[in-house]
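Take a look at the structure set out below.
The values are calculated or read from the model by the stated rules, or taken from the named source; none is laboratory data. Please read all numbers here as calculations on a predicted model, not as lab measurements. Because the Cβ atoms are built from the backbone with ideal geometry, glycine has one as well, and the counts that use them run over all protein chains shown.
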């Protein structure tokens, strides 16, 4: 097997959950403000990074950066979050899943895979989609 084998797979160590919540909150603040510099910083700078958006499919950090540079928000980016689920595995790997609501739009869903690198936590994979009907 290539790569590093994670030997400590403790789920949801409180200190790791707190780190991931803090970095996710930083991401959320940057998203609402359309702070492209912070959003770019928080994605893993790799050709392996993937972002499936509502209307875009992006492979690699360069494509994600280019899309963000060209993206013009269609009005307010403000949203409220519900049902945030943070799951960490050991001290290096985490997932964050959340539902979000914006005025006049269907329920949105966002999933992110976070990995701790030497520079800190980074999104390695993200998926955003919208429901066409209200979920329970």
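Return the only residue of 122, 84 being modelled with pLDDT of 95 or more, over 17 Å from residue 30 (Cα atoms) and in a strand (DSSP E or B).
84
Out of (1) touching a residue at least 12 places away in the same chain (Cβ under 8 Å); (2) more than 30 Å from residue 132 (Cβ to Cβ); (3) surrounded by 14 or more Cβ atoms within 10 Å (Cβ to Cβ), the odd one out for residue 98 is which?
The number of the failed condition is (2).
Give segment 12-28 a look and list any residue that's over 13 Å from the mean Cα position of the chain (by Cα) and either part of a helix (DSSP H, G or I) or surrounded by 14 or more Cβ atoms within 10 Å (Cβ to Cβ) (or both), or say none.
If the condition is that a residue be over 13 Å from the mean Cα position of the chain (by Cα) and either part of a helix (DSSP H, G or I) or surrounded by 14 or more Cβ atoms within 10 Å (Cβ to Cβ) (or both), then 13, 14, 15, 16, 17, 18, 19 are the ones that fit.
Going residue by residue through segment 72-80, is there one that turns out to be closer than 20 Å to residue 130 by Cα, in contact (Cβ under 8 Å) with a residue 12 or more places away in the chain, loosely packed, with under 15 Cβ neighbours inside 10 Å and in contact with a helix residue (DSSP H, G or I) (Cβ under 8 Å, 6 or more places away or on another chain)?
Yes - at least one qualifying residue is present in segment 72-80.
Taking segment 29-71 on its own, how many of its residues are out of contact with any helix residue (DSSP H, G or I) (no Cβ under 9 Å at 6 or more places or on another chain), within 20 Å of residue 117 (Cα to Cα) and outside any loop (DSSP other than H, G, I, E, B)?
Total meeting the criteria: 2.
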